[in-house]
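Asker: After the structure tokens below, expect a handful of questions from me.
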Amino acid sequence: MSDSATTTNTDETYEEFLQRVERRHNVGAAAGVLRWDQEVMMPEGGTTARSGQLSALSAIGHELLTDEEMAEWVETLRDADLDDERTAVLREVGREYDRATSVPTDLVEEMSAATSEAHPQWTEAKEESEFETFAPALERLVELNREYAEHIDPNRPAYEVLFEEYEPYLGLETADRVLTELREGLVPLIEDVRESDVELASPFDGEYPANDQEELARTVLDELDYDWEHGRLDTAPHPFSTGTQFDARVTTRFDESEPIGALSSTVHEFGHARYTQGLPKEKYGTPLGQSRDLTVHESQSRFWENHVGRSRNFCERLVPLIQDHLPGTEDLSTEALYEAANEVYEDNLIRVEADELTYHLHIVARYEIEREMIGGDLDVQEVPAAWNDTYEEYLGIRPENDAEGCLQDIHWSHGSFGYFPTYSLGSVLAAQIDAAMRDDLDVDGLVADGEFGPIREWLREEIHQHGARYTTGELIERATGEPLTAEYFLDYVESKYSDLYDL
């Protein structure tokens, strides 16, 4: 066969392959909207039908990825001479194909149904603060995930295989290294902070209606130039972001006695949505129009939440907005808001309400517990006690009930095991990105002036526009000039909190 004929055949095969990839992506995106609806708007009685709907979509998506036609296309293209763009698409889809073809369709359906059914059981258990209500669902999800991992690679620990669902390229060894560096660097810093005589300001001591806080959150999103044409804001028990570059939705939640939490979570989820909205629209439906997994995604939310949202200059811009929306804040000062936004809590048990320092010990605790649970070294029934003991050891505090302990996170009800390390990996990467950006931009001056456009454009240019074209390590090195390191994060928090607490 001539070279031209071979090229033509390859082009035709690739186009058929790509159409299938786009179709499957749309099935997954539809399932994402249904999951968003389940957590935000669906009536309580809708679970049974929603479980069946999500299970059906999951099975369809699995079949689209694993049928005989896809097998032929993947095999043919792996032997073809492809350009860089097509090679990247094949790498990403091929990785999913290899994993999916190892897993029976009936197991995929069973896992989807189990996660849909687990969500209301987790919700009820959290409301009642009764782990036993959720325990049977969690046991089923643990067993199903072990079986899933066994099908993919029986020669490696199940948790290592599951971790690669969320971060396929950095490896669990990298997560271990980073978490170890954070634990070793943060524990003495937190001890110094707790021994400090400095008392930071606590300017919020009233009641701030949820409606007022929601209007404030919308105003803050306006300040950040949130793309409302392609996004929305809603409330949910556990803040999250989901969607595509055409429809990126964020949720937050409100505590009427403490408005900073809602502001932080709103800016955090904005970072996720900004990444999603910044993905190339012309590549929608393909890996080149999709985000680069959870470490990078979390770096975007943490960058906006911590390096922008908790900065003095952003606090200065927030003060008049808060005064306009929340009664009783007329005397709020920039320094008081900055201190309140960056206080290190001695007794906080809730991860999503944690400060920048203790947050990572929350992650270490979850990581160790779920790794032991998946590995069979910790029985599900033992989780509450293990959780409480670990919190006492690492954070010096002990939950009084399951709601503020092992039931506080939604992830296990989603069947997500191996997810938590990406939170810390993302925070570390956010600091590394911030340092690289400062070589090119006056970040502090731009934030002070409310000129967020150059910051968004830097992120779009270095990260967003590439989608999943590069592996995680490649993208990090392209954007920052070096591999992932905890050095910048530890330097950043050492400087910031030494200043705050006069260390």
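Asker: Pairs please, first residue from segment 144-159 and assigned to a helix (DSSP H, G or I), second anywhere and of a type in the set (S, T, N, Q) and surrounded by fewer than 19 Cβ atoms within 10 Å (Cβ to Cβ), Cβ atoms under 6 Å, 6+ apart in sequence or on different chains.
Answerer: As it stands, the answer is 151/102; 152/102, since those pairs meet every condition given.
Asker: Limited to segment 407-430, what total is found for residues that are out of contact with any Asp or Glu (no Cβ under 8 Å at 6 or more places or on another chain) and in a helix (DSSP H, G or I)?
Answerer: 5
Asker: So in segment 1-18, with the set limited to residues that are assigned to a helix (DSSP H, G or I) and of a type in the set (Gly, Ala, Ser), which one is modelled with the lowest pLDDT?
Answerer: 5
Asker: Another question, if that's okay. With respect to residue 177, is the statement that it is assigned to a helix (DSSP H, G or I), over 28 Å from the mean Cα position of the chain (by Cα), at pLDDT below 95 and not hydroxyl-bearing (Ser, Thr, Tyr) true?
Answerer: no
Asker: Residues to consider are 85, 16, 92, 22; find the one that is surrounded by 19 or more Cβ atoms within 10 Å (Cβ to Cβ), of a type in the set (D, E, K, R) and more than 30 Å from residue 253 (Cα to Cα).
Answerer: Residue meeting the stated conditions: 92.
Asker: Here is a further query. Please go through segment 317-334 and pick out each residue that is part of a loop (DSSP other than H, G, I, E, B) and either touching a Cys at 6+ places or on another chain (Cβ under 9 Å) or under 15 Å from residue 202 (Cα atoms) (or both).
Answerer: Filtering segment 317-334 down to residues part of a loop (DSSP other than H, G, I, E, B) leaves 326-333.
Those that are part of a loop (DSSP other than H, G, I, E, B) and either touching a Cys at 6+ places or on another chain (Cβ under 9 Å) or under 15 Å from residue 202 (Cα atoms) (or both): 328, 329, 330, 331, 332, 333.
Asker: Would you be able to tell me the number of residues in segment 477-490 that are part of a helix (DSSP H, G or I) and touching a residue at least 60 places away in the same chain (Cβ under 8 Å)?
Answerer: 3
Asker: So which residues in segment 68-83 are without any contact (Cβ under 8 Å) to a residue 60 or more places away in the chain and either closer than 26 Å to residue 465 by Cβ or out of contact with any helix residue (DSSP H, G or I) (no Cβ under 9 Å at 6 or more places or on another chain) (or both), if there are any at all?
Answerer: The answer is 68, 75, 79, 83.
Asker: Which one of these is in contact with an Asp or Glu (Cβ under 7 Å, 6 or more places away or on another chain), of a type outside the set (A, V, I, L, M) and under 22 Å from residue 479 (Cα atoms): 251, 295?
Answerer: 295
Asker: Might you check whether a residue that is farther than 23 Å from residue 339 by Cα, touching a strand residue (DSSP E or B) at 6+ places or on another chain (Cβ under 6 Å) and of a type outside the set (A, V, I, L, M) occurs anywhere in segment 291-300?
Answerer: no
Asker: Further question: Show me the helices (runs of 4 or more DSSP H) entirely contained within segment 19-124 in which 3 or more residues are farther than 23 Å from residue 138 by Cβ, modelled with pLDDT of 95 or more and touching a Gly at 6+ places or on another chain (Cβ under 9 Å).
Answerer: 68-78
Asker: Being in contact with a His (Cβ under 8 Å, 6 or more places away or on another chain) and at positive phi, is that true of even one residue in segment 320-329?
Answerer: Among the residues of segment 320-329, not one is in contact with a His (Cβ under 8 Å, 6 or more places away or on another chain) and at positive phi, which makes the answer no.
The values are calculated or read from the model by the stated rules, or taken from the named source; none is laboratory data. Keep in mind the model is a prediction, meaning the values are calculated, not measured. Because the Cβ atoms are built from the backbone with ideal geometry, glycine has one as well, and the counts that use them run over all protein chains shown.
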